[in-house]
Structure formats: C-alpha cells, structure tokens
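Here is the structure we will look at.
The values are calculated or read from the model by the stated rules, or taken from the named source; none is laboratory data. Since the model is a prediction, treat every value here as computed from it, not as a measurement. We place every Cβ from the backbone using ideal geometry, glycine too, and count neighbours over all the protein chains shown. Quick note on the areas: whole protein, heavy atoms, side chains included, nothing else; ligands and nucleic acids left out. Shrake-Rupley method; radii C 1.70, N 1.55, O 1.52, S 1.80 Å.
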Amino acid sequence: MRVRRIALTLLGAVLSAAAGGGLLLWARFDGSPRLAGVLLGVALGLVLAAVLQRLMPEGCDSAPPALRRRYTREVMVAMGAYVVLLLASTLLLKRVDEPLLRAAVALLPVPPIVLMLRAMIRYIRDVDELQQRIELEAVSFATAFVSLVYLTGGFLQVARVIDVPSAAAMIWVFPLVCLSYGLAKAVVVRRYN
C-alpha cells in the first residue's frame, strides 16, 4: 500500500509538472505573461499538493476507503473545472469590456470552489470523531495563521512599509489557507499517532 501511494504521488507530481510546463509553453506562444504565471502557479500547486501528501503520516486519515475515493473524485472534478474555468475567464476578460459581463466572467471559477468546499464539508461530516477533531484542529490552526499573516500585512500596509495590490492579496487568501491546512494537518496527526 505504501509503495503504491508513493508511486501515485510521484506520478501525480510528474504529470502535474509536465502539464503545467506544456500549458506554460502554450501561454508563452499566446503572448500572455499573466496567464503564464497563473499556469505556473497551478503546476507548482499540484506539485506541492503531491509533496504534502507524501509528508502525511501513514495513519493520517482514518476514513473508510469508499469515503476517501468519493472525496478524491469530487475534489479532482471540482479542481479540474476550476482550472478550465480560470483559464477561460483569464482569456475572456481580455476581450470583454461591459462591466456586468466582466463581473460574470471574472466569477466563472467560483462555482468549482464551492463544489470543492461542499466535498470537504461532506467528508468531515462522514468521518469518525477522531478524524473530525484532527480536521477541526488543522482548519483552526490554518485560519488563525492566515488571519495573523493578513493582519500583520495590513498593519505594514497602513504604515506604508509594504505596498501589496489588493487584488493580489485577496486572491491568495484561499490558497494560503489550503496550504496552511495541509501543513497543520501533518503536524496535528502526529500528535494523535
């Protein structure tokens, strides 16, 4: 089981990097450095997810296999739709001028994130009490950490020590919570093993 998990993690990391690299080359030919950055971020995020999965202790998840498969399937479908709609939104925003239509196009990637959150909530509801406690602690630590980072950044911004564009700051909240959650879960699980 452990060898299979490592092999699947490595395969996922290699495929993600290859897909990200291919999309990055495509984006360069399109002449869009911003899209290239988004694609590079997606590829790096997928590789980071594979690494985080590898760092998780073996007994990290006490959920039944059927529940883990359902969760994985729902999250992968949502994330696939997110990537496609994010790319479509990025490309369409270059061609749309009307404000109401721009708002609708800009929000295209949001429904897949809602589906991912729904999958997470369903998963947490259906696991046993110990796993629920682990998930709760990990989410609590992650949100507290991200809140502290953004509060600190806000104070530095008010003092004019840093100048971070609001769009950049806002768009990174959710990915930072997800990353912090993954790291926190790896730490919390070790307490219960």
Task: Count of residues meeting criterion [basic (Lys, Arg) and either surrounded by 11 or more Cβ atoms within 10 Å (Cβ to Cβ) or within 17 Å of the chain's Cα centre (by Cα) (or both)] in the stretch 157-171 - done: 0
TODO: Please state which one of ARG118, ARG190, ARG125, ARG133 is modelled with pLDDT under 90, open to solvent by 90 Å² or more (accessible area, probe 1.4 Å), out of contact with any His (no Cβ under 8 Å at 6 or more places or on another chain) and of a type in the set (Lys, Arg).
DONE: ARG190
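On the given criteria, is LEU101 farther than 23 Å from ALA49 by Cα and in a helix (DSSP H, G or I)? Even if it seems obvious, please write down each step before you answer.
On the way: farther than 23 Å from ALA49 by Cα: yes; in a helix (DSSP H, G or I): yes.
Against the criterion (farther than 23 Å from ALA49 by Cα and in a helix (DSSP H, G or I)), LEU101 qualifies.
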Task: LEU91 vs. criteria in contact (Cβ under 8 Å) with a residue 40 or more places away in the chain and either crowded, with 16+ Cβ neighbours inside 10 Å or not in a helix (DSSP H, G or I) (or both) - done: no
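Can we say SER140 is open to solvent by less than 80 Å² (accessible area, probe 1.4 Å) and at pLDDT 95 or above? Reasoning before the result, please.
Values: open to solvent by less than 80 Å² (accessible area, probe 1.4 Å): yes; at pLDDT 95 or above: yes.
Considered against the rule, which asks whether it is open to solvent by less than 80 Å² (accessible area, probe 1.4 Å) and at pLDDT 95 or above, SER140 comes out as yes.
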